[in-house]
Amino acid sequence: MHYFKHYIISIFHLCPRDHDTTIYYSLQNNQQTMATTYKLVQRRDMHKGATEGDKLYYAQAKSTGTSDMERFCSMIGERSCVSSADVKAVLDSLIYVMKLEMSDGKIVQLGEFGNFRITFGSEGTKVEKDFNATKIRRPKYTFSPGKALRSQAKVLRFEKVSVEKGEGGNDSESPDEI
């Protein structure tokens, strides 16, 4: 039995669907992940003491495409007891309820998936009475990943992709992602 300690089968989930029984299982310590791709970009060196014109190469995320709502719902439907149309209906309702809750100033917590909240900045004033709501900048929706996504980030593999000269497609320009 000790031979299996590294390949623990987490759970067999029986899902009756259209008079079939589908078995889903996962091997906890034997997860295989596809590589997350990146390209190298040259940017100005922002380190203290760097001279004008110094440049360094940084990794920048390079997407391999887009997973649209139809594909997403279909993939979820294939591994659950509900149809892709049911998944779509639930996700549409989720968006509706999230908008209501966040408009009411609440943080939406979705368990191990993560949290959504509204953030914004504003112009400053020297005197408090000079401040009014027109000084607030356009709000942004901020996502903070939960435990499930943070643990996935720890096992990501990275693979460099070559980019042809003149090819655009800046997937990430945020300095936080450098």
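Structure data summary
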item: Percent of Cα-Cα distances greater than 23 Å, calculated over the range 37-158; result: 61 percent
item: When each of 88/140; 48/135; 106/135; 99/126; 99/147 is checked by Cα-Cα distance, pairs over 26 Å; result: 48/135; 99/126
item: Scattering curve values for the range 62-119, log₁₀ I(q)/I(0), Debye with Cα scatterers, q = 0.14, 0.20, 0.25, 0.31 Å⁻¹; result: -0.52, -0.89, -1.01, -1.10
item: Calculated FRET value between residue 48 and residue 107, using beta carbons and R₀ = 35 Å, to 0.05; result: 0.45
item: Extension gain (nm, one decimal) between residue 140 and residue 37, 0.36 nm per residue minus Cα-Cα; result: 34.4 nm
item: Length released on extending from residue 98 to residue 147, taking residue separation times 0.36 nm less the Cα-Cα span; result: 15.6 nm
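None of the figures in this text is laboratory data; all of them are computed from the coordinates on show. Values in this document were obtained by computation on a predicted structure and should not be read as measured data. Cβ sites come from the backbone with ideal geometry, for glycine too, and all protein chains shown count toward neighbours.
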